[in-house]
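Colleague: Please read through the structure below; I'll follow up with questions.
We did not get these values from a lab; they are worked out from the coordinates using the rules stated. No experiment lies behind these values; they were computed from the predicted model shown. Using ideal geometry, Cβ is built from the backbone for each residue, glycine included, and neighbour counts are taken over all protein chains shown.
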Amino acid sequence: MAKLPAPINTTSEQIVQWYEKKTEAPRPHLGCSELGKECKRALWYSFRWASNKKFPGRIKRLFSTGFREEARFLEELRGIGAEVHEVDPETQRQHRFTGYKGHLAGSCDAIGRGLPEAPKTWAIIEFKTHGDKSFTDLVKKKVQEAKPEHYAQLQLYMGFAELERALYLSVNKNTDELYSEWVTFDASEFEKLQAKAQLIIDADEPPLGVSTDPAWYQCKMCDHHAVCHTDQIPQKNCRTCLHSTPVEDAHWSCAQQKRLLPFEEQRLGCRSHLFIPPLINWAEPLDAGADWVKYQDRDSGLIFANVCEDTDPFDPLMPADVKVILTSAELPVSVRPMVNDPFISQVQKAYPGSRILSSKITEPVQ
């Protein structure tokens with residue numbers, strides 16, 4: 001008898017697929033929970049929504065497991081007699097903190113007192129879940145060394161809340177073993193982190209990263225590896241556009257439209273979008289006009305332009321040596337070999353003055 005194929009669409013697979021279908025809006029701010037990352041370039045890419053990271057359904061479910069553990073931690077702390085507030089009594093929302101221009105922000109898991117080591121002191125409380133290896137490393141090295149991002153997060157929350165202590169409470173997901181550690185406020189570290197946030201928020205282009213080697217271990221695991229180290233073009237949205245700037249009160253301003261940009265609009269970008277030039281990392285920007293930026297491919301020497309969607313392909317102000325014209329909507333789906341297709345040079349020889357625009361050959365009106 002022939003072997004039957006494995007069943008598909010099982011209950012477990014359906015659950016995983018349900019998680020995969022769930023979409024989440026990008027984080028609107030630079031998170032306190034991520035500022036401890038060493039690579040400023042990766043932080044800038046995240047703040048500018050350069051990559052659309054997609055997680056498998058299994059990983060999304062794992063994230064959900066971590067969130068659900070918080071309720072258990074709260075119950076346990078209250079069970080030992082601690083006074084714990086997971087929401088602000090006035091707003092009935094999570095304790096939220098904001099920093100530079102409102103663009104640095106984060107929410108702690110709880111604030112509490114009556115804890116065994118410090119019964120009278122109010123403290124920031126953060127809950128974390130770890131795999132076995134991560135948990136073992138944490139116990140051995142402590143938070144500051146083993147989890148620098150978590151340590152930075154605690155320092156920011158303590159600084160903004162004007163509290164001197166924080167409780168880091170964690171669990172080993174494999175064994176259910178608990179680990180708690182008290183972290184004290186470091187004013188100099190708080191100032192360094194705020195300066196780092198200011199640098200990232202105000203940067204007009206990507207700052208230097210931890211390495212230019214795509215095989216470097218930190219780069220290999222980074223969500224932005226493709227846009228940083230390969231030919232991949234970032235996502236088209238207002239934050240990757242050269243017209244936009246983060247301004248006060250967590251707003252973004254568009255120099256082209258001369259107005260503030262609502263969050264939902266930022267996710268899409270408009271027809272006037274032009275990429276911040278260093279985001280096209282395989283080409284050198286040479287010239288620019290009101291609605292175009294001229295580039296040269298660093299390897300092939302091909303001259304092309306990133307243009308607004310309503311740009312006249314034969315704008316007399318655009319240099320005549322531009323051979324290929326691509327809008328920001330087309331660039332992310334146009335692989336570099338396509339831009340450098342030999343067919344383009346053949347077209348140029350057969351039709352002097354022609355240009356490739358949106359996969360079509362265009363000729364100037366005589």
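Colleague: Not counting the cut sites, what is the longest span of the chain without trypsin sites (Lys or Arg not before Pro) that DSSP labels loop and that have at most 15 other Cβ atoms within 10 Å?
Modeller: 121-257
Colleague: Hey, got a sec? Which chymotrypsin sites (Phe, Trp or Tyr not before Pro) in region 191-279 land in a DSSP loop and have at most 13 other Cβ atoms within 10 Å?
Modeller: none
Colleague: Have a look at VAL16, VAL293, VAL227 and tell me which one the Gaussian network model of the chain (Cα, springs below 10 Å) gives the largest fluctuation.
Modeller: The residue with the greatest mean-square fluctuation here is VAL16.
Colleague: In debye, nearest 20, what is the charge dipole magnitude of region 188-290 about its Cα centre with +1 on Lys and Arg Cβ and -1 on Asp and Glu Cβ, if you could check?
Modeller: About 300 debye.
Colleague: Kindly work out what percent of the DSSP beta bridges joining two residues of the chain are antiparallel, to the nearest 5.
Modeller: Counting DSSP beta bridges with both partners in the chain, the antiparallel share is about 70 percent.
Colleague: Which whole-Hz ³J(HN,Hα) couplings does region 180-192 yield from phi under the Karplus relation 6.51 cos²θ - 1.76 cosθ + 1.60, θ = phi - 60°, glycine and proline marked x?
Modeller: These are the phi-based 3J(HN,Hα) values: 10, 8, 9, 10, 9, 5, 10, 4, 5, 5, 4, 5, 4 Hz.
Colleague: Further, regarding this structure: By how many nm would the segment from ASP213 to ASP287 lengthen if fully extended, with 0.36 nm per residue of separation less the alpha-carbon distance?
Modeller: This chain segment gains 23.8 nm when fully extended.
Colleague: How far is helix 132-146 tilted, in degrees, relative to the longest principal axis of the Cα atoms in the chain, given as a value from 0 to 90 rounded to the nearest 10?
Modeller: The answer is roughly 90 degrees.
Colleague: DSSP loop GluC sites (Glu not before Pro) in region 60-160 with at most 12 other Cβ atoms within 10 Å of their Cβ, which ones?
Modeller: When the GluC sites (Glu not before Pro) of region 60-160 are filtered for loop state and at most 12 Cβ neighbours within 10 Å, GLU90, GLU117 remain.
Colleague: Relative to the longest principal axis of the chain, what angle (0 to 90°, nearest 10) does the C-alpha long axis of helix 57-79 take?
Modeller: Orientation of helix 57-79: about 30 degrees from the principal axis.
Colleague: Can you list the residues, at least 5 places off or on another chain, whose amide H is less than 5 Å from the amide H of LEU286, using H built in the peptide plane?
Modeller: Excluding prolines and chain starts, which carry no amide H, the hits are LYS294, TYR295, GLN296.
Colleague: Using the Cα centre of region 27-202 as the reference point, and only Cβ charges (+1 on K/R, -1 on D/E), how large is the resulting charge dipole? Debye, rounded to the nearest 20.
Modeller: 980
Colleague: Kindly work out what percent of the DSSP beta bridges joining two residues of region 27-202 are antiparallel, to the nearest 5.
Modeller: 65
Colleague: Taking the Cα centre as origin and putting +1 on Lys and Arg beta-carbons and -1 on Asp and Glu beta-carbons, what dipole magnitude results for the chain, to the nearest 20 debye?
Modeller: Dipole magnitude for the chain comes out near 820 debye.
Colleague: Per residue, how big is the convex hull of the chain when only Cα atoms are used? Give it in Å³.
Modeller: Per-residue hull volume (Cα only) is 207 Å³.
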